[in-house]
Amino acid sequence: LSLTGQAIHTSSAVVGTFASSNTMLNDIHKLIVEAMHNNEVSVFTDCPHREKLGWLEETHLVAPGLIFNNNLQGMFSATEKNMADSQKADGMVPTTAPRYAAFGEHGYGVFDDSPEWGSASVLAAWSAYRAYGDLGELEQNYPVMQRYVTYLDGKAKDGIVAYGLGDWYDIGPGGPGVGKQTTIGVTATLMLYEDATMMEKIAGLLGKADCAHRYAELALRIEAAFNARFFNTATGQYDRGSQTANSMPLALGLVPEGRRAEVLEHVITDIHAHDDHVTTGEIGYPYMLRALMAGGRSDVAMALMLRKDPPSYGSQLAAGATTLTEAWDANPLSSQDHFMLGGAEEWFYRGLGGIDFDMSRARDERITIRPRVVDGADWVKCSYASRLGLIESDWKREGHTTTVDVTVPAGNVATVVLPLKTSTAAV
């Protein structure tokens with residue numbers, strides 16, 4: 001008797017490669033990609049074995065990681081259609097699409113509508129446009145986005161949206177689930193702000209100047225309300241000072257002028273206070289990595305990656321995981337095949353490798369290569385077969401010399417930012 005297993009997932013072409021001198025980083029990369037592939041069968045699912053539901057938050061939170069690894073333009077287009085089909089008459093986009101389950105009918109109504117999930121109607125579509133540049137997709141889905149932003153704005157009270165699941169699966173007292181470290185209104189309000197800022201850009205691209213102006217005004221109104229409600233000017237922190245509460249405003253550009261370095265330092269201090277461990281859930285985590293990248297502190301991100309005790313990727317590997325798990329500590333009571341915590345993929349490609357690709361930017365600004373050379377790796381090789389052609393960024397450090405090799409698609413312009421000094425590396 002013999003038994004043969006076949007891995008089934010999207011046939012979307014592989015477009016990215018990542019490798020480094022650090023085997024643990026390579027193992028984390030494989031852990032995440034395997035989970036992504038296992039949840040790319042027709043629909044982006046959260047897990048392939050239990051619910052098989054199209055939970056939407058992952059389609060925007062970890063969109064860069066998905067896109068760097070496979071050409072998923074068709075999957076994103078299908079997801080946008082599923083959201084349009086699932087949208088309610090009042091504009092609400094449910095947490096799952098296709099909507100096979102109405103949780104309120106079974107006493108779990110909190111799982112039907114959460115801003116961090118419904119905002120995929122705007123943010124996933126925008127992520128796809130940044131990668132593939134299909135203006136037609138934005139135009140087709142524009143009414144869905146408009147209705148959802150109107151709906152979410154209608155949920156705000158004095159500019160604050162305070163409902164939903166929050167920073168799902170963060171590390172805090174009690175078991176995993178609804179966010180505990182960060183006030184629910186933080187992540188929900190920031191979703192409305194990010195939706196509004198993206199809608200301003202989308203409306204502008206579609207030639208809808210009046211709409212763009214209205215969304216810009218909405219973003220400014222939400223920004224003012226958010227900072228008034230959650231920013232403590234005396235301490236230089238947001239809300240209760242969690243990693244998520246301080247990181248998200250940094251990544252989204254809401255921190256008042258002159259206070260960014262202070263807020264970033266609070267994030268770093270909290271990470272170190274937890275022995276270089278993450279406390280965020282799935283919502284805050286990718287924003288924290290983006291804040292660290294923008295602040296030139298990929299050395300701190302590397303410290304997070306190299307932890308082997310829970311909560312960490314390393315603890316999942318130590319527990320024998322072969323795909324990314326739902327909980328940071330590989331809790332066997334949670335799913336063992338989730339990709340929601342896969343934000344590290346964006347850091348591998350855009351952070352360490354430095355490939356920053358964005359079709360929404362001006363033609364000569366679409367490609368930026370900004371490698372981060374940090375202790376923990378002696379070399380990194382990554383590539384991305386973009387819409388414009390192959391982009392490669394390889395760097396290697398030997399003694400006091402760092403060599404950077406870059407490939408840019410023929411006929412295109414790229415900006416290359418050399419790593420003059422990061423961590424203790426001499427370049």
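Things to note:
- Residues that are open to solvent by less than 10 Å² (accessible area, probe 1.4 Å) and either more than 20 Å from the chain's Cα centre (by Cα) or aromatic (F, W, Y) (or both), drawn from segment 336-377: F339, W347, F348, Y349, V373, V374, A377
- Output for segment 386-423, where each listed residue is polar (S, T, N, Q), on the phi < 0 side of the Ramachandran plot and surrounded by 14 or more Cβ atoms within 10 Å (Cβ to Cβ): S386, S393, T402, T407, N412, T422
- Where T45 falls short, out of the listed (1) touching a Lys or Arg at 6+ places or on another chain (Cβ under 6 Å); (2) β-branched (V, I, T); (3) open to solvent by 40 Å² or more (accessible area, probe 1.4 Å): (3)
Rundown of residues vs (1) touching a helix residue (DSSP H, G or I) at 6+ places or on another chain (Cβ under 8 Å); (2) surrounded by 22 or more Cβ atoms within 10 Å (Cβ to Cβ), yes/no style:
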site	(1), (2)
A209	yes, no
S247	yes, yes
E257	no, no
E262	no, no
H274	no, no
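- Candidate set from segment 78-95 (those that are in a helix (DSSP H, G or I) and open to solvent by less than 20 Å² (accessible area, probe 1.4 Å)); member that is farthest from E345 (Cα to Cα): S86
- P98 being part of a loop (DSSP other than H, G, I, E, B) and either among the basic types (K, R) or open to solvent by less than 30 Å² (accessible area, probe 1.4 Å) (or both): yes
- Hits in segment 211-244 - residues which are open to solvent by 30 Å² or more (accessible area, probe 1.4 Å) and within 19 Å of G164 (Cα to Cα): R229, D239, R240
- Helices (runs of 4 or more DSSP H) within segment 200-295 that include 3 or more residues touching a residue at least 60 places away in the same chain (Cβ under 8 Å) and under 21 Å from A63 (Cβ atoms): 243-252, 284-294
- Residue match in segment 11-27 (condition: in a loop (DSSP other than H, G, I, E, B), exposed (fewer than 14 other Cβ atoms within 10 Å of the Cβ) and small (G, A, S)): yes
- Counting only residues that are farther than 25 Å from T407 by Cβ and touching a strand residue (DSSP E or B) at 6+ places or on another chain (Cβ under 9 Å), segment 1-46 holds 8 of them.
The values are calculated or read from the model by the stated rules, or taken from the named source; none is laboratory data. On a predicted model such as this, the values are computed, not experimentally measured, just so you know. So basically every Cβ, Gly included, is an ideal-geometry build from the backbone, and we count neighbours across all protein chains shown. What goes into the accessible areas is simple: the full protein's heavy atoms, side chains included, and nothing from ligands, DNA or RNA. Shrake-Rupley method; radii C 1.70, N 1.55, O 1.52, S 1.80 Å.
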